[in-house]
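Chemist: There's a structure below that I have some questions on.
The values are calculated or read from the model by the stated rules, or taken from the named source; none is laboratory data. Treat the numbers as computed from the prediction; the structure is a model and nothing was measured. Note that we place each Cβ from the backbone using ideal geometry, even for glycine, and neighbour counts take in every protein chain shown. Protein only, heavy atoms only, side chains kept; ligands, DNA and RNA dropped before computing areas. Shrake-Rupley method; radii C 1.70, N 1.55, O 1.52, S 1.80 Å.
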Amino acid sequence: MTAAHHVPDILSQEFADNPYPTYRALRESAPLLWHEPTQSYLLSRYEDVAQVFKDKESRFTTDNYAWQAEPVHGKTLLQMSGREHATRRALVAPAFRGNDLREKVLPVIERNSRELIDGFRTAGSVDLVSGFASRFPISVIADMFGLDRSGHEHIGGWYRAFVAFTGNLSGDPECAADGARAQAEFAAYMLPIIKDRREHLGDDLLSALCTAEVDGVRMSDEDIKAFCSLLLTAGAETTDKAVASLFANLLADPGQLEAVRRDRGLIDRAFAETLRHSPPVHMIMRQSATEVRTSGGTIPAGATVTCLIGAANRDPDRYKDPDRFDILRDDLTATTAFSAAADHLAFALGRHFCVGALLAKAEVEIATNQLLDAMPDIRPAAGYDPAEQGVFTRGPRSLLVEFTPAVH
């Protein structure tokens, strides 16, 4: 294992401004690096990160979520393993695929996207982040749960606190306190709704979770509340960043933007390439159960491992010209990009592959189609700045665009 004193720290401002030079330095000179501030080993090469995610021999666990996520969500799918994980996943997965996704969720996505776009369709300009991307997935998830619209504002605040808590790599006590407060407020809001829904079932995701049963196991109110807060955090934050990053990448390359505008079948490829090139989640942690060899050395048993997805997804040993955004690249398979057979690492892989990947795909596809329909000549406006922010999760801070407004 290498020491890398010349590599900027992942908690430094330099890294926050632009992590990619650091990722390159880590891959090349310190592919396995002990990082004192986070008390974890950093892994940056594609083959090593993929090995951790695909692990079938239980050499890696998700025990890290006991301290990283459980304090704000309660115990969730993320940290479960074996039978418990399989059963719980089987309880929630049907809502995110097949008929349920098609019949119940797609209309919700289409309606929410359209309503947000109606707010600026005739304006001629919008900040795609604050005016659309940051609001869209929260509205979709809240509607899927059948929650009252009046609660959306609170939900947004809670979810931002959850995201900040999960990504609190520097151990900021204020961030931890905000997370604990949000957890208490979210529980006080959701638990009465769940109790009421059990008695007045509807045709929404919350009702489906209340009645779901696998091998005689049903979810408790606390289980459902934990899943709701997890879905809000994992589902809203990633879709928000993915929509914004996809448009930032296309606006930076007018030729590719025009290709997608003309052939909407390319949206899948643009999304898959965005997940590779500018993933919403830049790092995912795991815990080593045994000693494991990697290309850069040996990870001891019982260690926290920080898998740098943002680095692995730009590994030149895996992708040709990896820093280039190219929707037509031949070393990324769009058809499997939203399944556990994906060849990028943005959704993780294996048993803990993101349960909401197809929901994210549907949201991004529908939003991109509707935005391109409403803004066929979309272009950067004065003050446009696609600068990314975030370390654990990352995406553009704002995207001011203009277009020819629709006629009333």
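Chemist: Can you tell me what share of the DSSP beta bridges in the chain is antiparallel? A percent to the nearest 5 is fine. Walk me through the intermediate numbers first.
Modeler: Values: 24 of 28 bridges.
Antiparallel bridges: around 85 percent, rounded to the nearest 5.
Chemist: Additional query: Relative to the present Cα-Cα distance, how much length would full extension add between R198 and T122 at 0.36 nm per residue of separation? Walk me through the numbers on the way to the answer.
Modeler: Working: separation 76, 0.36 × 76 = 27.36 nm, distance 4.24 nm.
Result for the pair: 23.1 nm of gain on full extension.
Chemist: Separate question: Using label points projected 7 Å from each Cα along Cα→Cβ, tell me how many nm separate W67 and L191, to one decimal.
Modeler: My value for the distance between the label points is 2.7 nm.
Chemist: Sum -39500 (n - 2.57) across every DSSP H segment of at least 4 residues in the chain, then divide by the residue count to get the 222 nm mean residue ellipticity, nearest 500.
Modeler: The per-residue figure over the chain is -13500 deg cm²/dmol.
Chemist: So what's the net charge close to E363: Lys and Arg +1, Asp and Glu -1, counting the other residues with Cβ under 11 Å from its Cβ?
Modeler: Combined, the nearby Lys, Arg, Asp and Glu give -2.
Chemist: Here's another thing I want to ask about it. List the residues whose amide H sits under 5 Å from the amide H of F60, counting only those 5 or more places along or on another chain, with H placed 1.01 Å from N in the peptide plane.
Modeler: Here the answer is A289, since their amide H atoms fall under 5 Å of that of F60.
Chemist: What is the set of long-range amide H partners of V305 at a cut-off below 5 Å, with H atoms built 1.01 Å from backbone N?
Modeler: For V305, whose amide H was placed from the backbone, the distant partners under 5 Å are Y41, R286, Q287, S288.
Chemist: With the crude spin-label approximation of a point 7 Å out along Cα→Cβ, what separation in nm comes out for S339 versus E14?
Modeler: 4.3
Chemist: Now for a separate question. Test of understanding: what is the full-extension gain from R262 to Q389, defined as 0.36 nm times their sequence separation minus their Cα-Cα distance?
Modeler: Contour length minus Cα-Cα distance gives 42.7 nm.
Chemist: While we're on this one: Can you work out the Karplus-derived ³J(HN,Hα) for every residue in the range 120-129? Use 6.51 cos²θ - 1.76 cosθ + 1.60 with θ = phi - 60°, whole Hz, and x for glycine or proline.
Modeler: Each residue of the range 120-129 in turn: 9, 3, 9, 8, x, 7, 6, 8, 4, 7 Hz.
Chemist: Quick one: go through the range 278-312 and flag any residue whose amide nitrogen is under 19 Å from the point 7 Å out along the Cα-to-Cβ line of E57.
Modeler: 286-305
Chemist: Further, regarding this structure: How big is the charge dipole of the range 57-206 about its Cα centre, in debye rounded to the nearest 20, if each Lys and Arg gets +1 on its Cβ and each Asp and Glu gets -1 on its Cβ?
Modeler: It comes to approximately 380 debye.
Chemist: Ignoring ligands, DNA and RNA, what percent of the 1.4 Å accessible area of the range 216-349 is carbon and sulfur?
Modeler: Using a 1.4 Å probe with all protein chains present, the range 216-349 comes out at 51 percent carbon and sulfur.
Chemist: Mind checking the per residue accessible area of the chain for me, 1.4 Å probe, whole number of Å²?
Modeler: 41
Chemist: Pop a pseudo-label 7 angstrom from the Cα along the beta-carbon direction at both A184 and A406 and give the gap in nm to one decimal.
Modeler: Output for this residue pair reads 4.5 nm.
Chemist: What ³J(HN,Hα) values, in whole Hz, does the Karplus curve 6.51 cos²θ - 1.76 cosθ + 1.60 give for the range 217-223 when θ = phi - 60°, with x put for Gly and Pro?
Modeler: These are the phi-based 3J(HN,Hα) values: 9, 10, 8, 7, 4, 5, 4 Hz.
Chemist: Taking a spot 7 Å from the Cα of D321 along the direction of its beta carbon, which residues of the range 253-286 have an amide N less than 19 Å from it?
Modeler: Residues passing the 19 Å test: 253-260, 269-278.
Chemist: Under a 5 Å amide H to amide H cut-off, with H placed in plane at 1.01 Å, what residues pair with T393 once short-range neighbours are removed?
Modeler: The answer is H282.
Chemist: How large is the charge dipole for the range 313-408, taken about the Cα centre, if only the Cβ atoms of Lys, Arg (+1) and Asp, Glu (-1) carry charge, to the nearest 20 debye? The partial results should precede the final answer.
Modeler: Values: 10 positive and 15 negative charges, 59 e Å.
The dipole of the range 313-408 has a size of about 280 debye.
Chemist: Calculate log10 I(q)/I(0) of the chain for q = 0.12, 0.13 Å⁻¹, where I(q) comes from the Debye formula with a single equal point scatterer on each Cα and nothing for solvent.
Modeler: The Debye formula, applied to the Cα set alone, gives -0.98, -1.16.
Chemist: Can you quote the Å³ per residue value for the convex hull of the Cα atoms in the range 261-351, rounded to an integer?
Modeler: In the range 261-351, the Cα hull volume divided by residue count equals 101 Å³.
Chemist: Could you give me the ³J(HN,Hα) list for the range 139-151, computed from phi with Karplus coefficients 6.51, -1.76, 1.60 and θ = phi - 60°, whole Hz, x at Gly and Pro?
Modeler: These are the phi-based 3J(HN,Hα) values: 4, 4, 5, 4, 5, 4, 7, x, 8, 5, 4, 5, x Hz.
Chemist: Using the crude model of +1 on Lys and Arg Cβ and -1 on Asp and Glu Cβ, and no other charge, please compute the dipole size for the range 142-212 relative to its Cα centre, in debye to 20.
Modeler: The dipole of the range 142-212 has a size of about 140 debye.
Chemist: Need the C-alpha centroid separation for the range 275-297 versus the range 300-368, integer Å.
Modeler: Between the Cα centre of the range 275-297 and that of the range 300-368, the gap is 12 Å.
Chemist: As an exercise, use a Förster radius of 30 Å and the Cβ-Cβ distance of E153 and R83 to find the FRET efficiency, rounded to the nearest 0.05. Don't skip to the end; give the middle numbers.
Modeler: On the way: r = 39 Å, r/R0 = 1.32.
Using R0 = 30 Å, I get an efficiency of 0.15.
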